[in-house]
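Notes follow once the structure below has been shown.
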Amino acid sequence: GRPAIKNRKFSQPWKPRMPAIYICYRKEDAFGEAAHLYKEFSQRFGKSGVFVDVARSEPGQDPRVVVDDHVARSGVFLVLIGKTWVEGRDAAGQRRLDNPLDPVRTEVAAALAHNIPIIPVLVQRAAMVLPADLPADMAGLASGRPIELTQAHWGSDVETLLGRGLFAADLPSDAIVV
């Protein structure tokens, strides 16, 4: 493990952010890919090192507070972007990203506000989002360097994602790095 680092002002030991990896996705757009990444990362980094959605929140908790807390403590934020991610519509026919309470918008905006490293992960041959596609509080996502995950090259694509080096810091103590 990492040695304890004392904060001179408060004399508190340094504690890593938990969970280290936040996976943001739309269920109808990238559920399968998110589930596969969660399984793979949980095996490598431990379940405490991966947060995949508000399903891990407790009954009675405000999901927005839970999301903001987990995002703020993450070491890296992955946004899985499928073909319908930008233009996805709600039951009323409105574009989801235009709703300030949309969970994906809330998560991405929180990651940007907390200056968490963001990696756009393109799935299903999706194109990278453009700034004009996004509300102002999400526009910073468009400047991220994306990585594509494909079914045909899943293993090597995941290794490329891991090779970005962003997962080396703030891993939980039960992490298994292969």
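Quick look at the numbers
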read-out: Segment 54-96, subset closer than 23 Å to residue 36 by Cα, small (Gly, Ala, Ser) and without any contact (Cβ under 8 Å) to a residue 40 or more places away in the chain, residue surrounded by the fewest Cβ atoms within 10 Å (Cβ to Cβ); value: 55
read-out: Matching residues in segment 100-122 - criterion: being out of contact with any Pro (no Cβ under 9 Å at 6 or more places or on another chain), under 19 Å from residue 140 (Cβ atoms) and not charged (D, E, K, R); value: 104, 108, 110, 112, 113, 114, 115, 116, 117, 118
read-out: Residues of segment 59-96 satisfying the condition of being in contact with a strand residue (DSSP E or B) (Cβ under 8 Å, 6 or more places away or on another chain), basic (Lys, Arg) and assigned to a helix (DSSP H, G or I); value: 96
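No value in this document is a laboratory result; all are computed from the given coordinates. Everything quoted here is computed from the prediction, not taken from an experiment. Glycine gets a Cβ as well: all are built from the backbone with ideal geometry, and neighbour counts include every protein chain shown.
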